[in-house]
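A quick write-up on the structure given underneath.
The values are calculated or read from the model by the stated rules, or taken from the named source; none is laboratory data. None of these values were measured; they are calculated from a predicted model. Cβ atoms come from the backbone with ideal geometry, glycine included; neighbour counts cover every protein chain shown. For accessibility, only protein heavy atoms count, side chains too; no ligands or nucleic acids. Shrake-Rupley method; radii C 1.70, N 1.55, O 1.52, S 1.80 Å.
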Amino acid sequence: MQHMLTRSLDRAATTFILVVAGCGILIPLSNLLLPTGSFFQVPTYLVALWGKYVCYAVLALSIDLIWGYCGILSLGHGAFFALGGYAMGMYLMRQIGSRGVYGNPVLPDFMVFLNYPRLPWYWNGFDMFWFAAIMVVLVPGLLAFCFGWFAFRSRVTGVYLSIITQAMTYALLLGFFRNDFGFGGNNGLTDFKDIWGFNVQAEGTRCALFALSCVTLILAFVICRAVVTSKLGKVLIAIRDAESRTRFIGYRVESYKLFVFTLSACMAGVAGALYVPQVGIINPSEFAPGNSIEAVIWVAVGGRGTLVGAAIGAIAVNYAKTFFTSGPLAPYWLFMLGALFILVTLLLPKGIVGTFNDWWLPLRAKRVTAASVSAASEDAVSEPKMAE
């Protein structure tokens with residue numbers, strides 16, 4: 001394990017982890033310890049906003065793992081994100097108890113309003129956090145496993161697989177919109193009160209959720225780095241670059257793709273579970289295919305196949321979205337997002353981090369070579385001459 005971590009965490013990866021850890025410590029401390037109005041004090045609403053960005057970064061990592069390293073372009077990864085969010089939302093709804101509008105200790109308010117006679121069977125167990133935590137990972141993972149089993153065994157690849165994933169998330173969107181589906185219909189799940197017995201709106205709770213999101217981002221990043229720097233990662237890259245050749249030399253391509261697709265879905269589900277208590281609502285709009293496409297744009301902007309770039313792209317694009325949608329440019333945000341994707345594809349095909357690496361690594365190699373030559377000359381070491 002120690003050798004695996006040493007091999008997977010290079011200087012850039014270590015720097016990224018330290019930056020995320022620093023943000024996870026300093027931002028909550030700034031919010032809780034500094035007085036209101038101080039220049040360095042981070043308001044509570046910004047803590048929740050940046051927590052949402054961190055959850056998006058985890059989602060972007062899960063997409064980059066399958067798209068950047070295995071060549072699986074999923075346009076429905078928002079479905080796994082939303083399923084994890086709904087699992088956490090069900091737990092939070094069960095924690096409301098008799099404090100709801102209708103005062104029913106068992107049924108959530110929307111079920112009382114829709115005249116549900118009893119709690120649906122699939123809501124049982126969500127009053128316990130450990131059960132909800134298992135469902136956060138199990139439900140998206142099981143759906144991804146079943147979907148991938150049929151898709152990869154049928155050798156569906158490329159644009160056809162992308163279309164099928166988009167159809168899957170759209171089908172879930174239509175299902176969760178129905179009132180008789182048992183998940184709140186169009187309004188979804190909201191009006192959360194407590195999480196782990198703490199007020200979900202309290203400053204301390206929001207800071208703790210932000211710190212937990214940063215820890216999750218670090219763990220997700222370490223897992224992805226461990227995968228892509230291992231022998232498994234080399235096989236995934238081979239599948240991405242030449243799937244038929246990889247299959248011909250004896251590798252079971254379907255098994256590798258199924259494993260990494262399921263792992264990616266579980267990561268997306270955890271991101272959705274952390275997203276819901278910080279945002280305060282989960283509804284069927286999270287299943288919208290546009291959300292999944294937007295997540296792919298984050299990865300493309302940051303740098304496909306870099307992991308760090310995926311996280312940076314998610315934070316940068318969503319910060320730009322928050323900035324531009326709060327002013328007079330709000331109606332034109334989608335046009336700006338489309339233009340950004342086109343410009344990045346044409347001018348920066350490897351994204352921000354990928355382009356930077358292409359510029360920096362050769363320059364760094366030249367500097368190392370020049371330093372070696374200079375050191376050799378200072379030590380009076382010269383190349384041996386051929387015998388005459």
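Where residues in the range 115-134 are small (G, A, S) and not in a loop (DSSP other than H, G, I, E, B), which of them is nearest to G182 (Cα to Cα)? Please lay out each step first, then the result.
Step one: of the range 115-134, the residues small (G, A, S) are 125, 132-133.
Pick out the ones that are also not in a loop (DSSP other than H, G, I, E, B) and you get 132-133.
Numbers: A132: 17, A133: 20 Å.
Among those that are small (G, A, S) and not in a loop (DSSP other than H, G, I, E, B), it is A132.
Quick one: is Y170 within 22 Å of the chain's Cα centre (by Cα) and either over 28 Å from I195 (Cα atoms) or open to solvent by less than 90 Å² (accessible area, probe 1.4 Å) (or both)? It would help to see each step written out before you state the result.
Details: within 22 Å of the chain's Cα centre (by Cα): yes; either over 28 Å from I195 (Cα atoms) or open to solvent by less than 90 Å² (accessible area, probe 1.4 Å) (or both): yes.
So Y170 passes the test.
When the range 127-155 is examined, which residues are found to be loosely packed, with under 15 Cβ neighbours inside 10 Å and farther than 30 Å from I195 by Cα?
C146, W149, F150, R153, S154, R155, listed by residue number.
Condition check: in a loop (DSSP other than H, G, I, E, B), in contact with a helix residue (DSSP H, G or I) (Cβ under 8 Å, 6 or more places away or on another chain) and either buried (at least 17 other Cβ atoms within 10 Å of the Cβ) or at pLDDT 85 or above (or both). Does V42 satisfy that?
On the way: in a loop (DSSP other than H, G, I, E, B): yes; in contact with a helix residue (DSSP H, G or I) (Cβ under 8 Å, 6 or more places away or on another chain): yes; either buried (at least 17 other Cβ atoms within 10 Å of the Cβ) or at pLDDT 85 or above (or both): yes.
Against the criterion (in a loop (DSSP other than H, G, I, E, B), in contact with a helix residue (DSSP H, G or I) (Cβ under 8 Å, 6 or more places away or on another chain) and either buried (at least 17 other Cβ atoms within 10 Å of the Cβ) or at pLDDT 85 or above (or both)), V42 qualifies.
Say whether the condition of being open to solvent by less than 10 Å² (accessible area, probe 1.4 Å), of a type in the set (G, A, S) and part of a loop (DSSP other than H, G, I, E, B) is met by at least one residue in the range 72-80.
Yes, because at least one residue in the range 72-80 is open to solvent by less than 10 Å² (accessible area, probe 1.4 Å), of a type in the set (G, A, S) and part of a loop (DSSP other than H, G, I, E, B).
Within the set of pairs 6+ apart or on separate chains, which have a first residue in the range 47-62 that is farther than 22 Å from L29 by Cβ, a second that is open to solvent by less than 10 Å² (accessible area, probe 1.4 Å) and outside any helix (DSSP H, G or I), and C-beta atoms under 8 Å apart?
Filtered contacts from the range 47-62: L61/L307.
May I ask you to list pairs of residues, at least six apart or on different chains, whose Cβ atoms are under 9 Å apart, with the first in the range 88-105 being assigned to a loop (DSSP other than H, G, I, E, B) and the second being among the hydroxyl-bearing types (S, T, Y)?
Once the first residue is assigned to a loop (DSSP other than H, G, I, E, B) and sits in the range 88-105, its partners that are among the hydroxyl-bearing types (S, T, Y) give N104/S98; P105/S98.
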